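What follows is a set of notes on a single structure, which appears directly below.
The values are calculated or read from the model by the stated rules, or taken from the named source; none is laboratory data. This is a predicted model, so every value here is computed, not measured. Because the Cβ atoms are built from the backbone with ideal geometry, glycine has one as well, and the counts that use them run over all protein chains shown.
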Amino acid sequence: MPIRNTNYSYGSLSKFFHWLCATMVIILLVVGFFMHDFSDIFRGTAYNLHKSSGILLMVIMLLRAIWMLTNPKPTMPSNTPAWEVFFAYLVHYAFYVLLIIMPLSGWLMSCAYGYPPNFFGLFMIPFPGITKNVAFAEIMHSVHLIVAWCLVCLVSIHVLAALKHHFINKDNLLLRMLPGQKN
């Protein structure tokens, strides 16, 4: 399978980025919504893993954005209505923006609360110029939560649209993002 996208299918690197990010986003969202309920024994570890994984996701999304800009997306099927094409691009670009804002707001929040991320226990990652400031941290917490709910909505729309293309349109749009598929 080619590493680069073609006019009809995604390349192996795009598929890898897609499924890695999808897995990370789903896990981070689920853990993020429930980690305050974890017992005291696991809560600190959960927060640190959540922060570290969020920073890693931000780096992966920046790399993915560079790959996207240098590697054109496959075209939509010719019978796709213009409004669907518009919303498909809107949702995809919203993912990129939100998946950079989300970890960035979490990083800012963590540093402003006075708890900069300890990247998988290896080293601290303070945000330059951010000192302890609870008011700012709470604003970033609100941004983080709003973006989380926006991502839940976008993931739902994205999955439903993919299923619609596969089961109703039967246009193989879903298949071209599945690992191992050569469309």
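Just name the residue that is farthest from the chain's Cα centre (by Cα) out of those in segment 7-17 that are part of a helix (DSSP H, G or I) and either of a type outside the set (Gly, Ala, Ser) or closer than 14 Å to ALA148 by Cα (or both).
Ranking the qualifying residues of segment 7-17, first place goes to LEU13.
Can you pull out the residues in segment 115-131 that are surrounded by 12 or more Cβ atoms within 10 Å (Cβ to Cβ), in a loop (DSSP other than H, G, I, E, B) and either modelled with pLDDT under 95 or not aliphatic (A, V, I, L, M) (or both)? Lay out the reasoning, then the answer.
Restricting attention to segment 115-131, the residues satisfying the condition of being surrounded by 12 or more Cβ atoms within 10 Å (Cβ to Cβ) are 115-120, 125-127, 130.
Then drop every residue that is not in a loop (DSSP other than H, G, I, E, B), which leaves 115-117, 120, 125-127, 130.
Listed by number, the residues that qualify are TYR115, PRO116, PRO117, PHE120, PRO126, PHE127.
How about segment 80-94: which of its residues are of a type in the set (Val, Ile, Thr), assigned to a helix (DSSP H, G or I) and in contact with a helix residue (DSSP H, G or I) (Cβ under 9 Å, 6 or more places away or on another chain)? Spell out how you get there, then give the answer.
First, pick out the residues of segment 80-94 that are of a type in the set (Val, Ile, Thr): 80, 85, 91.
Going one step further and asking which of them are assigned to a helix (DSSP H, G or I), we end up with 85, 91.
Within segment 80-94, VAL91 is the sole residue that qualifies.
Hey, VAL97 hits all of (1) among the β-branched types (Val, Ile, Thr); (2) closer than 26 Å to THR45 by Cβ; (3) assigned to a helix (DSSP H, G or I) but one; which does it fall short on?
Here VAL97 meets the rest and fails (2).
Mind checking which pairs have a first residue in segment 8-34 that is more than 13 Å from LYS73 (Cα to Cα) and a second that is basic (Lys, Arg) and surrounded by 15 or more Cβ atoms within 10 Å (Cβ to Cβ), Cβ under 8 Å, 6 or more apart or different chains?
Final answer for the pair search is PHE17/ARG64; CYS21/ARG64.
Is it true that some residue in segment 16-25 is touching a Pro at 6+ places or on another chain (Cβ under 7 Å) and under 19 Å from LEU62 (Cα atoms)? Steps first, answer last, please.
Pass one, segment 16-25, residues touching a Pro at 6+ places or on another chain (Cβ under 7 Å): 19.
Then keep just the ones that are under 19 Å from LEU62 (Cα atoms); that gives 19.
Among the residues of segment 16-25, at least one is touching a Pro at 6+ places or on another chain (Cβ under 7 Å) and under 19 Å from LEU62 (Cα atoms), which makes the answer yes.
Restricting attention to segment 126-152, which residues are closer than 21 Å to VAL25 by Cα, out of contact with any Leu (no Cβ under 8 Å at 6 or more places or on another chain) and in contact (Cβ under 8 Å) with a residue 12 or more places away in the chain?
Across segment 126-152, the qualifying residues are HIS141, VAL143, HIS144.
When you look at PRO103, is it part of a loop (DSSP other than H, G, I, E, B) and either surrounded by 16 or more Cβ atoms within 10 Å (Cβ to Cβ) or in contact with a Gly (Cβ under 6 Å, 6 or more places away or on another chain) (or both), yes or no? Give the steps one after another, and end with the answer.
Details: part of a loop (DSSP other than H, G, I, E, B): no; either surrounded by 16 or more Cβ atoms within 10 Å (Cβ to Cβ) or in contact with a Gly (Cβ under 6 Å, 6 or more places away or on another chain) (or both): yes.
Against the criterion (part of a loop (DSSP other than H, G, I, E, B) and either surrounded by 16 or more Cβ atoms within 10 Å (Cβ to Cβ) or in contact with a Gly (Cβ under 6 Å, 6 or more places away or on another chain) (or both)), PRO103 does not qualify.
Can you work out which of the residues in segment 36-79 that are in a loop (DSSP other than H, G, I, E, B) and surrounded by 16 or more Cβ atoms within 10 Å (Cβ to Cβ) is nearest to the chain's Cα centre (by Cα)?
Going through segment 36-79, the residues in a loop (DSSP other than H, G, I, E, B) turn out to be 38-39, 71-79.
This time we only want the ones that are surrounded by 16 or more Cβ atoms within 10 Å (Cβ to Cβ), so: 74, 76.
Numbers: PRO74: 20, MET76: 22 Å.
Ranking the qualifying residues of segment 36-79, first place goes to PRO74.
Exposed (fewer than 13 other Cβ atoms within 10 Å of the Cβ) and over 22 Å from PHE123 (Cα atoms): which single residue out of TYR89, TYR96 fits that description?
Working: TYR96 fails: exposed (fewer than 13 other Cβ atoms within 10 Å of the Cβ).
Within the list TYR89, TYR96, the selection yields TYR89.
Taking the condition in a helix (DSSP H, G or I) and farther than 20 Å from PRO103 by Cβ, does LEU20 pass? Talk me through it step by step, then tell me what you get.
On the way: in a helix (DSSP H, G or I): yes; farther than 20 Å from PRO103 by Cβ: no.
Judged against the criteria, LEU20 is not a match.
Which one of the conditions (1) in contact (Cβ under 8 Å) with a residue 12 or more places away in the chain; (2) surrounded by 14 or more Cβ atoms within 10 Å (Cβ to Cβ) does GLY180 fail to meet, given that it meets all the rest?
GLY180 satisfies all of (1) in contact (Cβ under 8 Å) with a residue 12 or more places away in the chain; (2) surrounded by 14 or more Cβ atoms within 10 Å (Cβ to Cβ) except (2).
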